[in-house]
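Scroll down for the structure; my scribbles are underneath it.
Here, each number is a calculation from the coordinates, and none is a lab measurement. Since this is a predicted model, take the numbers as computed values, not measurements. Cβ placement follows ideal geometry from the backbone for every residue including glycine, while neighbour counts extend to all protein chains displayed.
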Amino acid sequence: MLSERDLERYERQLRIFGKEGQEKLKKAKVFIGGAGGLGSSVSLYLAAAGIGRIWIVDHGTIELSNLNRQILYAEDDLGKRKSDCARERLKRLNSNIEVEAFSETINEKNVNKLVADSDLIVDALDNFPTRYLLNRAAHVKNIPLFHGALEGFHGQVTTIVPGQTACLRCIFPSAPVPSAVPVIGSFVGVIGCIQATEVIKYINGIGKLLENKLLMVDGLNSTIEEIEVQKSPMCEDCRRG
Amino acid sequence: MKIKVKFFASFRELFQEGEVELPNGRTMRDLLNFLCDSSKRREGIFDGAELKPYLSILKNGQHIFHLNGLETKLDDGDTVAIFPPVGGG
């Protein structure tokens, strides 16, 4: 049930999807892989929107060079664990939601356990090898996956529904070795906010999702285009389910 | 046959997108060879005779890795999307 405080707090968005929609957000459990640039904007906006349970995982500690884009953190957080600061920041933003934050490295052994029981998975990672683990886990557990990635002014977003859409491996069969890529905070925010908007739309069953569509965002030339993508019958990752 | 070619990310600046006219029965390798008409463009796509690893090359939304690689046959009206990987977050 929404409280009087909830009704006041979410008044502007209740105009869009009503009390029923807000209840759906409150009941939802979202797993966010990564509390860096993408994870910052995704988690802050999902917490603000009233997602009832947010689980966020990142093994890192906060460095000065994170602060140009990782808006979950501030100068007095330097040297602290991202998971601790993310939990505190999200709870400070919205004390009525549950936040669990784990300082872990996502790997083959823990991935299924970490995402278990979540309704949605957000890929806010900074490397493809770990993204592939989330992609597999999403298909094993039949949980939708919201992918975002970027480099410089080029970003991409897609929404993956197991069994129905192209998976990450259908679109990107192999990926380069992870490296520190150039990132501008405002632009990683754009990509994260598109992911968060997809999550809110999915939970409410409204609008058109980026299913079988890879959204290509060019921040430098201010253009957004869709590429139609298809599930591959040959794909090892989503064929097994 | 006419093939619609679209480039994204940094390939936008390197290539010019549009429709390419090729004789019938040609493959993705033929299309890419046609598109790589300068050494700079060639370096963007190829590593010797083979594709640079990790490039996304989609024929009508399917990655050619899941089709027949460079030998994937093209048909009139196909759309090909080509872009380098972005992996940060």
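In chain B, the DSSP-assigned H stretches of four residues or longer account for a calculated mean residue ellipticity at 222 nm of -5000 deg cm²/dmol, using -39500 (n - 2.57) per stretch and the full residue count as denominator. About its Cα centre, the dipole of the protein assembly as shown is roughly 660 debye, where the only charges are +1 on Lys and Arg Cβ and -1 on Asp and Glu Cβ.
Bridging of residue A:24 to lysines at a Cα separation below 23 Å is possible for A:91, A:141, A:201, A:208, once same-chain residues fewer than 8 apart are set aside. Checked against a 30 Å cut-off, the cross-linked pairs A:29/A:82; B:2/B:52; A:29/B:4; A:231/B:40 give Cα-Cα distances beyond that limit for A:29/B:4; A:231/B:40. Using the Karplus relation 6.51 cos²θ - 1.76 cosθ + 1.60 with θ = phi - 60°, the per-residue 3J(HN,Hα) values for segment B:72-89 come to 4, 6, 10, 10, 3, x, 5, 10, 10, 10, 10, 7, x, x, 10, x, x, x Hz, with x marking Gly and Pro.
Net charge in the neighbourhood of residue A:218 (other residues with Cβ under 15 Å of its Cβ; Lys, Arg +1, Asp, Glu -1) is -3.
Hull volume per residue, based on the alpha-carbon atoms of segment B:2-83 and their convex hull, is 84 Å³. DSSP beta bridges fully contained in the protein assembly as shown are about 60 percent antiparallel.
As a proxy for reagent exposure, ranking B:79, B:72 by other Cβ atoms within 10 Å from fewest up yields B:79, B:72.
GNM on chain A, alpha-carbon springs under 10 angstrom: the most fluctuating residue among A:59, A:139, A:147 is A:59. Label reach from residue A:68 (point 7 Å along Cα→C-beta): in segment A:204-240, amide nitrogens under 16 Å belong to A:220. Once the dipole of chain A is set up with Lys and Arg at +1 and Asp and Glu at -1 on Cβ about the Cα centre, which of A:129, A:31, A:222 lies farthest towards its positive end? Going by the charge dipole, the pick is A:31.
If the Kirkwood radius is taken over C-alpha pairs of segment A:1-74, then at 25 °C and 0.890 mPa s the Stokes-Einstein diffusion coefficient equals 181 µm²/s.
Taking other C-beta atoms within 10 Å as the exposure proxy, A:225, A:23 rank A:225, A:23 from fewest upward.
Taking Cβ atoms as reference points and 11 Å as the exclusive limit, the residues near residue A:209 contribute a net charge of +1, counting Lys and Arg as +1 and Asp and Glu as -1. As a rough guide to protection, the peptides A:117-124, B:80-87, A:74-81 ranked by mean Cβ packing within 10 Å, highest first, stand as A:117-124, B:80-87, A:74-81.
With springs connecting C-alpha atoms under 10 Å apart, model chain A as a Gaussian network and identify which of A:116, A:196, A:175 has the largest mean-square fluctuation. Fluctuation is largest for A:175. Multiplying each eigenvalue of the alpha-carbon gyration tensor of the protein assembly as shown by 5 and taking the square root yields semi-axes of 37, 21, 18 Å, largest first, rounded to whole angstroms. Within the listed set A:43, A:95, A:179, the residue fluctuating most in the Gaussian network model of chain A (springs between alpha-carbon atoms under 10 angstrom) is A:179. One decimal place: the segment residue A:29-residue A:11 gains 4.3 nm when fully extended, by the rule 0.36 nm per residue minus the C-alpha distance. DSSP bridge analysis restricted to segment A:89-197 gives an antiparallel fraction near 65%, rounded to the nearest 5.
A simple spin-label model places pseudo-atoms 7 Å from Cα toward Cβ; at residue A:186 and residue A:75 they are separated by 2.2 nm.
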